[in-house]
Structure formats: C-alpha cells, structure tokens
Amino acid sequence: MTHKMKALVVADQIDACIIQLGKWISSCYALLIVIIILQVVLRKGFHAGLISLEELQWYLYGIGVMFGMSYAQAKDSHVRVDLFYNKFRPFTRHIIEILGIIILLLPFLWLIFYHSLDFVYDAYRTMESSAAPAGLPYRWIIKAVIPLSISLLIVAAVNRLYREFILLLRGE
C-alpha cells in the first residue's frame with residue numbers, strides 16, 4: 001500500500017466506527033415504534049396513555065436524530081445545496097468543503113458543545129425531572145446526549161476535514 005493510500009486508512013477507520021455506532025444507535029427507532037404502538041393501544045384501547053411513554057418517545061427520537069447527524073457526516077450523506085456544487089471541479093469542491101467545515105461547521109458545533117455542558121450540569125445538579133407528575137426522572141441523562149452527540153459530530157467533521165485536505169493535496 002502506498003503512502004498516499006495509507007493516509008486515508010485512518011479516516012476510513014474512523015468513519016467505519018462512527019457508521020457502526022450509528023447503526024447500533026438506530027436500533028432505538030425499533031424500540032420507538034414498539035413504544036408508539038403500545039401508547040396508541042393504551043390510549044385508544046384502554047383510554048389510559050402514560051406520560052412516561054410519551055416522554056420516552058421524544059427521548060428515543062432525539063437520541064436517533066442527534067447521533068444520526070454524525071452518521072450522516074461520516075457517510076457524506078448530509079444535506080447540501082447542490083445547485084452549483086455538482087458542477088464544480090473536484091479542487092473547488094474540496095476547497096468549499098474545507099472552508100465550510102472550518103468557518104461554519106466547527107465553530108457552530110463548538111458553540112453548541114460549550115453551552116450544552118452547563119445545560120447538562122444544571123439538570124444534573126438540580127436532579128431535574130419532568131414537570132409532569134408521572135413523567136420521567138433524571139432529565140440530565142437525555143440532556144447529556146447533546147454534548148456526547150456533538151462531540152461525535154466534531155470527530156466526524158474533523159475526520160472529513162482531514163480527508164478533504166488529503167484529497168485536495170492528491171489532486172483527486
């Protein structure tokens with residue numbers, strides 16, 4: 001294997017780990033479907049829906065979406081405005097990706113990560129729970145998904161940045 005090919009092996013391995021984690025976390029959608037069906041049966045069949053199941057639905061959906069962002073970044077399947085992008089030469093695309101990651105994505109992710117830490121800490125410190133009497137306790141656990149998933153997204157973005165630099169330097 002040439003030195004140039006070895007340069008992307010690490011990036012490929014990081015992407016593979018993120019994609020595998022994304023596939024594992026996506027199983028929360030199967031659980032979400034079961035809970036939705038259970039909630040519908042309880043509500044429509046027995047007129048007795050549970051607040052905790054309602055909240056759990058939102059939590060599972062949130063987990064899937066938050067970690068799904070890093071999966072999309074690793075698969076390079078995130079949303080782009082492709083009106084002009086697809087017509088550009090590879091060199092121009094790499095420059096756009098690099099600048100977009102450095103100027104827009106990473107500062108935005110850092111801002112979210114930084115401010116989410118206090119958000120989670122305050123929820124933990126006060127042992128925040130649902131406002132509903134029968135709601136779920138320990139809201140800090142679901143709030144901790146924010147810095148965790150954003151951290152993973154930062155890793156995926158830095159990995160993409162590395163990949164784009166290598167491809168730019170190789171002229172691909």
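List of remarks:
Conditions tested, residue by residue: (1) part of a helix (DSSP H, G or I); (2) open to solvent by less than 70 Å² (accessible area, probe 1.4 Å).
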| site | (1), (2) |
| --- | --- |
| 80 | no, yes |
| 84 | yes, no |
| 100 | yes, yes |
| 107 | yes, yes |
| 114 | yes, no |
| 118 | yes, no |
| 127 | no, no |
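- The set of residues in segment 142-172 that are of a type in the set (Ser, Thr, Tyr) and open to solvent by 30 Å² or more (accessible area, probe 1.4 Å) comprises 151, 162.
- Considering residues of segment 20-44 that are open to solvent by 30 Å² or more (accessible area, probe 1.4 Å) and β-branched (Val, Ile, Thr) only, the residue farthest from residue 58 (Cα to Cα): 41
- Among the candidates 89, 139, the residue that is among the charged types (D, E, K, R), free of Cβ contacts under 8 Å to residues at least 24 places away in the same chain and surrounded by 15 or more Cβ atoms within 10 Å (Cβ to Cβ) is uniquely 139.
- Among residues of segment 104-121 that are touching a residue at least 12 places away in the same chain (Cβ under 8 Å), those with a Cβ under 6 angstrom from a residue that is among the hydrophobic types (A, V, I, L, M, F, W, C) and not in a helix (DSSP H, G or I), sequence gap 6+ or separate chain, pair up as 120/144.
The values are calculated or read from the model by the stated rules, or taken from the named source; none is laboratory data. Just so you know, these numbers come straight off a predicted model, no measurement behind them. Every residue, glycine among them, receives a Cβ derived from its backbone with ideal geometry; neighbour counts consider all protein chains shown. Heavy atoms of the whole protein, side chains included, go into the accessibility calculation; ligands, DNA and RNA do not. Shrake-Rupley method; radii C 1.70, N 1.55, O 1.52, S 1.80 Å.
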